[in-house]
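**Q** Structure in structure tokens, see below.
All of the numbers you see were taken from the coordinates with simple rules; none came from a lab. Please read all numbers here as calculations on a predicted model, not as lab measurements. Cβ coordinates were reconstructed from backbone atoms using ideal geometry, including for glycine residues, and neighbour counts include every protein chain displayed.
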Amino acid sequence: MAITNLKAQLASLVQLQTLDTQIYALENEKEAKPQEVKTLEDAFEQKKQNLADLEKELLDQQKQRKERELELGSKEEGMKKLQGQLFQLKTNKEYQAMLRQIDDARADASVIEDKILESLEAIDKIKAEIEKEKVRLQEEEKIFNAHKKTIEDRTREIDARLAELGAKRKQFLPAIEKKILSQYERILASRDALAIVRVINNNTCQGCNMFVPPQVINLIKMYEHIITCEICNRMLYIEEEAS
């Protein structure tokens, strides 16, 4: 392979790598977007659950109040029956015993009435909390929708940019020999989308930060073959001579 040809091939690969680095970063960012949306949705659903819990608590209190009202009605009906039986009693002892039963029933009814009042107070309190929660949830929904829209807008921007970069990438491919491109693509897939790296001034591979021996540097400068790092297997180039 001619020296000038290999230098040109490396120059094209470096340009291709620049595009692939951007493509790789954008694809990773795009891949993370569904999870970002799911995290937002999970957080919003949890906030909606708080309202659902309050509404369930309200239903429980209303059911409890209704049960107590039925219980109170039953007690009051029982007292009426006892009071109706007072005039049928023949002895004072029976009469006093019946009065005690009525007093006990009245005391029980008073306790139930107090519980009903407690239920009503609890219901009013929960209703107030529900109204506050609904207002808060409306604001949370606005924030959620705004964040979700930001993610969706960014995803569309990424798609547009990927399409643009993909078109530019195709323009470089014809200039690269198939064998070299195949090697590049193979390394790209196995090395986190970084297939060709520069050897910086202190003879360090920018891919793995390991030392590149002087004899390898000399081989790179000869431009007879594609030279790869002995540690990370990435293609190596020297910027000053590849530019």
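**Q** In vacuo Debye scattering of segment 127-222, one point per C-alpha: log10 I(q)/I(0) at q = 0.10, 0.12, 0.14, 0.23 Å⁻¹?
**A** Relative scattering, expressed as log10 I(q)/I(0), comes to -0.58, -0.68, -0.79, -1.17.
**Q** Dipole of the chain (Lys/Arg Cβ +1, Asp/Glu Cβ -1, origin at the Cα centre): which of LEU194, PHE44, PRO34 lies farthest to the positive side?
**A** Going by the charge dipole, the pick is LEU194.
**Q** Pick out, in residue order, every one of the trypsin sites (Lys or Arg not before Pro) in segment 68-147 that is DSSP loop and has at most 12 other C-beta atoms within 10 Å; say none if there are none. Mind dumping the intermediate values first?
**A** Working: sites: ARG68, LYS75, LYS80, LYS81, LYS90, LYS93, ARG100, ARG106, LYS115, LYS125, LYS127, LYS132, LYS134, ARG136, LYS142; in loops: LYS90.
Those that pass, being in a loop and sparsely packed, are LYS90.
**Q** Also: Towards the positive end of the charge dipole of the chain, with charges on Cβ (+1 Lys, Arg; -1 Asp, Glu), say which of GLN88, ILE151, LEU219 has the farthest Cα.
**A** LEU219
**Q** Here's another thing I want to ask about it. Spin-label point model (7 Å from Cα, Cβ direction): what's the VAL111 to GLU77 distance in nm?
**A** Computed distance between label sites VAL111 and GLU77 equals 2.1 nm.
**Q** Rounded to two decimals, what is Rg over Rh for segment 30-171 when you use alpha-carbon atoms and the Kirkwood radius? Intermediate results must be reported in sequence, preceding the final value.
**A** Working: Rg = 31.6 Å, Rh = 21.0 Å.
On the Cα set of segment 30-171, Rg over Rh gives 1.51.
**Q** OK, next. Just rank ARG154, ARG65, fewest to most, by other beta-carbon atoms within 10 angstrom.
**A** Working: ARG154 14, ARG65 18.
Final ranking by Cβ density, sparse to dense: ARG154, ARG65.
**Q** Helix 92-172: angle to the longest alpha-carbon principal axis of the chain, degrees 0 to 90, nearest 10?
**A** For 92-172 against the chain, the angle is about 10 degrees.
**Q** Based on Cα positions only, what radius of gyration and what Dmax would you give for the chain, in angstroms?
**A** When restricted to the Cα atoms of the chain, Rg and Dmax are 40.8, 132 Å.
**Q** Then there is this: Convert each backbone phi in segment 42-54 into a coupling constant with the Karplus relation 6.51 cos²θ - 1.76 cosθ + 1.60 (shift: θ = phi - 60°), then list the ³J(HN,Hα) values in order as whole Hz, x for Gly and Pro.
**A** Each residue of segment 42-54 in turn: 4, 5, 5, 4, 5, 5, 5, 5, 4, 5, 4, 5, 5 Hz.
**Q** Cut-off 10 angstrom, C-alpha nodes, Gaussian network model of the chain. Which of LEU72, LEU99, LEU120 fluctuates the most?
**A** Most flexible of the set in this elastic network: LEU99.
**Q** Most exposed first by the Cβ proxy, i.e. fewest other Cβ within 10 Å, how do LEU58, LEU173 rank? Walk me through the numbers before you get to the answer.
**A** Numbers: LEU58 17, LEU173 11.
Placing the least packed residue first, the sequence is LEU173, LEU58.
**Q** Then there's this: Assigning unit charges at the beta carbon (Lys, Arg +1; Asp, Glu -1) and nothing else, what dipole magnitude in debye, to the nearest 20, does the chain show about its Cα centre?
**A** Working: 40 positive and 45 negative charges, 120 e Å.
Roughly 580 debye for the chain.
**Q** A further question on this structure: Given that compact globular proteins tend to follow 2.2 N^0.38 Å, what is the ratio of the alpha-carbon Rg of segment 1-100 to that value?
**A** Scaled against compact globular proteins, the figure is 3.27.
**Q** Where is the GNM fluctuation largest for the chain (alpha-carbon springs, 10 angstrom cutoff): GLY78, GLY207, GLY166?
**A** Judging by the Gaussian network model, the answer is GLY78.
**Q** Using the reciprocal of the averaged 1/r over all distinct C-alpha pairs, how large is the Kirkwood radius of segment 171-243 in Å?
**A** Values: mean 1/r = 0.0793 Å⁻¹.
Result for segment 171-243 stands at 12.6 Å.
**Q** OK, next. Give me the distance in nm between label points sitting 7 Å out from Cα along the Cα-to-Cβ direction at GLU129 and LYS47, one decimal.
**A** Distance between the two pseudo-spin positions: 1.9 nm.
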